[in-house]
Amino acid sequence: MNKKRNLIMMAVACMLTLTVSAQQARQDIRLHVDYAGSNYVAYPGPQKKLTAAPRGYEPFYISHYGRHGSRFLIGTNDYDKPYNMLLKADSLGKLTPKGRDVLAKVKLIREEARLRDGELTPLGAEQHRGIAKRMYERFPEVFKGKTAVDARSTIVIRCILSMENELQQLASMNPQLQITHDASEHDMWYLNDSRSPYFRLRDNKETSQANNEFSRRHDNWNHLMTVLFADPDYAKTINAGSLARHLFTLASNVQSTELRHQLSLWDIFTEDEIYDFWQKENAGWYSYYGPNKTNNGAGMYTQSNLLRNIIATADTCITKVHPGATLRFGHEVCVMPLVCLLDLNHYGEPVDDLENLDDRGWNNYQIYPMGCNVQFVFYKPKKLSPNAGNVLVKVLLNEDEATLPVGTDQAPYYKWQDVRSYYLKKLDDYQAHYVK
């Protein structure tokens, strides 16, 4: 009897554990609705304290890739389409009082973004100054004296300005820094590689079909139409899905602008609508940038050149006594697959069913908010010159320590030699198998 009771209790415990796991993203979004914004989430900053370095070790080099900070939306469709659709309905007397309130808010959002297509917002600049300040304060040994800081950006203005804000912050904290910076097509092959052969492998019919079917199962905007439109028959004449998507995007990105201090659009959606919209975005990013089985995780390998550049540059820099920092600035379409390729915090582990992503903790807002970044922090023995055999490395995801799929007895610190060998083999094996 006792054995049977224990088995029942264990089963109940397992069910409760699964329930908590399955509800994690919903709970997070309920507490912080802006998390539903996926790649529009404003950078939250580090959430945990750092682990002290192993005895006798000190940081001496940082290798970094970061996304630009908060920005305005790209293109005018997300502003113009919902505004014009609501404006037309209002002219015909078809909006509810709440619908007219939404129209007024959309108008303000649209006016704020006028002629600022995809540009960095003031908050985006602030985010990067904060990232640089914390980097300097956390690892002062890396930035002491006349050390070198080499920064490269993609040729997109929001990335360039993100880079410049970080460099200005670092220079203000140590005017002796020897800073070089550039933004050129010359470096796009690794900063944002658009010619990777893995795009062809990624964008297959099976992936597209699975993602589209998942999206259709989670289409949820009927309630929203009743909030906006007083005439149900009129609501049936418009493209409800398009209007809902554009309004959700606007709601998501308000957090990145100065209007965040005075308005919100989240209240027009139910909790279920918000969660369903987020699930669709989460599944889409997993499908095309994560370890998706339908395309053999090819989306992750689009960042092969970036990872090889990080490794090759580190190989050169660790031969120097005081190499400083290598800073790279780009986009979330690089950070997301890089994180999965590195398998940071198990984000590179495949999930069998898109419906189970939340159950497995594959939640995009934890990977690639505006300003997201990956930092490789290298450590050497204090009394010795660095070499491939004595250097340790830890990796920070959004400034918090991350786990790597490499064996170590002193996590989050790993032997650079082991890390380097693991990832080069991973890249070589995949290339040999899939690129003919």
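Contact annotation: residue pairs with Cβ atoms under 7 Å, 6 or more positions apart or on different chains, pairing a residue in the range 185-213 that is surrounded by 15 or more Cβ atoms within 10 Å (Cβ to Cβ) with a partner that is among the charged types (D, E, K, R) and outside any helix (DSSP H, G or I), are Asp187/Arg152; Leu191/Arg152; Leu191/Arg328. Selection within the range 297-354: residues that are open to solvent by 20 Å² or more (accessible area, probe 1.4 Å) and among the hydroxyl-bearing types (Ser, Thr, Tyr). The member of this set that is farthest from the chain's Cα centre (by Cα) is Thr319. For the range 397-436, the candidate set comprises residues that are loosely packed, with under 15 Cβ neighbours inside 10 Å and polar (S, T, N, Q); within that set, the residue that is farthest from Val339 (Cα to Cα) is Gln410. Screening the candidates Tyr136, Tyr57, Tyr83, Tyr79 for the property of being surrounded by fewer than 23 Cβ atoms within 10 Å (Cβ to Cβ), at pLDDT 95 or above and closer than 30 Å to Ala240 by Cα yields one hit, Tyr83. The number of residues in the range 33-50 that are out of contact with any strand residue (DSSP E or B) (no Cβ under 6 Å at 6 or more places or on another chain), more than 22 Å from Leu265 (Cα to Cα) and open to solvent by 60 Å² or more (accessible area, probe 1.4 Å) comes to 1.
Candidates in the range 90-112 are the residues that are hydrophobic (A, V, I, L, M, F, W, C) and within 29 Å of Arg71 (Cβ to Cβ); of these, the one that is most open to solvent (accessible area, probe 1.4 Å) is Leu108. Pro291 meets all of the listed conditions (1) within 20 Å of the chain's Cα centre (by Cα); (2) part of a helix (DSSP H, G or I); (3) crowded, with 20+ Cβ neighbours inside 10 Å but one, namely (2).
Consider the range 214-230 and keep the residues that are more than 17 Å from Glu271 (Cα to Cα) and surrounded by fewer than 17 Cβ atoms within 10 Å (Cβ to Cβ). The one that is modelled with the lowest pLDDT is Arg216. Going by what's in this entry, would Val333 be described as within 24 Å of His218 (Cβ to Cβ) and not in a loop (DSSP other than H, G, I, E, B)? When the stated conditions are applied, Val333 passes them.
Would you please list the contacts, defined by Cβ atoms under 6 Å and residues six or more apart or on different chains, that run from a residue in the range 343-355 that is part of a loop (DSSP other than H, G, I, E, B) to a residue that is at pLDDT below 95 and surrounded by 15 or more Cβ atoms within 10 Å (Cβ to Cβ)? Qualifying pairs under 6 Å: Val351/Arg360. Here Gly371 meets the list (1) small (Gly, Ala, Ser); (2) open to solvent by less than 60 Å² (accessible area, probe 1.4 Å); (3) part of a helix (DSSP H, G or I) almost entirely, failing just condition (3).
The values are calculated or read from the model by the stated rules, or taken from the named source; none is laboratory data. These numbers come from a predicted model, not from an experiment. Note: ideal-geometry Cβ built from the backbone for every residue, glycine included; neighbour counts use all protein chains shown. Keep in mind that these areas ignore ligands, DNA and RNA; they rest on the heavy atoms of the full protein, side chains included. Shrake-Rupley method; radii C 1.70, N 1.55, O 1.52, S 1.80 Å.
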